[in-house]
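K.L.:
Handing you a structure now.
The values are calculated or read from the model by the stated rules, or taken from the named source; none is laboratory data. If you're wondering where the values come from, they're calculated on a predicted model, not measured in any experiment. Don't worry about glycine lacking a Cβ; one is built from the backbone with ideal geometry, like all the others, and counts go over all protein chains shown. For the accessible areas, the whole protein counts, side chains as well, though only heavy atoms, and no ligand, DNA or RNA atoms are used. Shrake-Rupley method; radii C 1.70, N 1.55, O 1.52, S 1.80 Å.
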Amino acid sequence: MRRVAITGLGVVSPVGSQAAAFFDALLSMRSGIRLTQVNFPTGPEPVLMGNIDFHPEEHFAKAKLLTLDRVSQFALVAAREAMAQAGLDSDLTGLQAERFGVLVGTGSGGASSLEAAYYALLEQKVARLRPMTVVLAMHNATAAHLSMEFGLKGPSSTVSNACASSATAMGEAFRQIRHGYADAMLVGGSDALLTRGTIKAWQAMHTLAKPHADGAQTSCRPFSKDRSGLVLSEGSAMLVLEDWDTAKRRGANILAELAGYASTTDAHHLTQPEAHGQAAAMSLALKDAGLNAADIGYLNAHGTATDVGDVVETDAIKRVFADDVNRLPISSTKAVHGHAMGAAGAMEFAASVMSLRSGQLAPTAFLQTPDERCDLDYIPLEARRVKSLRAVMSNSFAFGGSNAVLVAKAV
């Protein structure tokens, strides 16, 4: 089995649209969450969200924008950063296009285009929809645009696994390279789900956070006693993965090694998480990486700030790390960038890789009063510098009981 190198990463997020700016915001707890006025058919309402101040005309020609939903726009911008960092120019720097694939995770696909189509049909009573409606809204449009942008002709797939979409996509891309089906993969996630219909659907579940008295920007509070729910957000993170020997041969700067991945299913409940399945995914990812629990120096938790979810994840972590759990630094970065659903796993894995390289661990922002049931080292309120990080883990757990865990090693 071949080793897999990470050679590039790019991020578009509510706290920064370059990987370095994103990571700096995490370390300094600069929140991208705010109250935004949304005009629903029943009237305007303020909604907590992590929305991006994104100007597509700065990145794409007007004619090109006719073919791009917001979800694909985010991914293309993130992918351009990742490919540039990997040193891959238009001729792929010696890599074969037929051996270079694309794998994208998304929870909602072209949600903005789909909602616009329903609005035009049902409210504006139009007789004909835009000719591009189907290809704007389809989930695999983003992967198609990425393959065309960079001329990638290898394996191509789209994963829609709710909150675990992009973590699963990265794991499956890792396996494509490890087992010899591809030499390189452009992989990650993108979601642009902040539409009126999606927001109302989530409101109906009573899982969204309420504005906090300390300010709207502090309203997402994972593992905190006063947490009130998750905050929806949007964005993209894309990574370049390569066969280790191929990357070395072409002189690429290897950021880290993607060393382990596991995916499990709870088979328990559509919305309620279950510790056994989560623990199994973490244990299997460690085994896949050839590591022990004691080798992990930082864990980026799924940590959505829901009452049940944070407690269950704490229990699962304790089961896996056992006697080592009290020395393990853990944090949830969703406190500042919100929950980007299908893009969340890729964003958080990118943050984990940057921690592995820099020795700086992002804190769990706004964790002033921890929940007694969440009694681990969740790095409250202040970034932490550590020495000699050997490996990091990133958790992604989804509705439907889908669990995906990634492990990266230092180089």
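K.L.:
Just for the stretch 339-374: of the residues that are small (G, A, S) and more than 25 Å from T198 (Cα to Cα), which one is most open to solvent (accessible area, probe 1.4 Å)? So that I can check it myself, show each step before the final result.
P.N.:
Residues of the stretch 339-374 that are small (G, A, S), as a first pass: 340, 342-346, 350-352, 355, 358-359, 362, 365.
If we keep only those that are more than 25 Å from T198 (Cα to Cα) too, we end up with 350-352, 355, 358-359, 362, 365.
Values: A350: 0, A351: 4, S352: 1, S355: 2, S358: 42, G359: 8, A362: 2, A365: 2 Å².
Out of the qualifying residues, it is S358.
K.L.:
Take L299 and decide whether it is farther than 30 Å from L76 by Cβ, in a strand (DSSP E or B) and touching a residue at least 60 places away in the same chain (Cβ under 8 Å).
P.N.:
Taking the combined requirement at face value, the residue satisfies it.
K.L.:
State which residue is most open to solvent (accessible area, probe 1.4 Å) when the search covers only the stretch 107-162 and only residues that are in a loop (DSSP other than H, G, I, E, B) and in contact with an Asp or Glu (Cβ under 7 Å, 6 or more places away or on another chain).
P.N.:
It comes out as K153.
K.L.:
From the list A201, A192, which residue is out of contact with any strand residue (DSSP E or B) (no Cβ under 6 Å at 6 or more places or on another chain) and surrounded by fewer than 24 Cβ atoms within 10 Å (Cβ to Cβ)?
P.N.:
On inspection, the qualifying residue turns out to be A201.
K.L.:
Whether any residue in the stretch 82-102 is at positive phi, at pLDDT 95 or above, open to solvent by 20 Å² or more (accessible area, probe 1.4 Å) and in contact with a strand residue (DSSP E or B) (Cβ under 9 Å, 6 or more places away or on another chain) is what I want to check.
P.N.:
yes
K.L.:
Shifting gears a bit: Right, L241: more than 30 Å from P155 (Cα to Cα) and either in contact with a Gly (Cβ under 8 Å, 6 or more places away or on another chain) or crowded, with 19+ Cβ neighbours inside 10 Å (or both) or not?
P.N.:
Details: more than 30 Å from P155 (Cα to Cα): no; either in contact with a Gly (Cβ under 8 Å, 6 or more places away or on another chain) or crowded, with 19+ Cβ neighbours inside 10 Å (or both): yes.
The answer is no for L241.
Condition check ((1) open to solvent by less than 50 Å² (accessible area, probe 1.4 Å); (2) not hydrophobic (A, V, I, L, M, F, W, C)) across all residues:
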| site | (1), (2) |
| --- | --- |
| H269 | no, yes |
| A275 | yes, no |
| A280 | yes, no |
| L284 | no, no |
| A293 | yes, no |
| D315 | no, yes |
| V325 | yes, no |
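K.L.:
OK, next. Do we find a residue being of a type in the set (V, I, T) and either free of Cβ contacts under 8 Å to residues at least 12 places away in the same chain or in contact with a Ser or Thr (Cβ under 9 Å, 6 or more places away or on another chain) (or both) anywhere in the stretch 71-91?
P.N.:
Going residue by residue through the stretch 71-91, those that are of a type in the set (V, I, T) are 71, 77.
From the residues that got through so far, the ones that are either free of Cβ contacts under 8 Å to residues at least 12 places away in the same chain or in contact with a Ser or Thr (Cβ under 9 Å, 6 or more places away or on another chain) (or both) too are 71, 77.
Yes, because at least one residue in the stretch 71-91 is of a type in the set (V, I, T) and either free of Cβ contacts under 8 Å to residues at least 12 places away in the same chain or in contact with a Ser or Thr (Cβ under 9 Å, 6 or more places away or on another chain) (or both).
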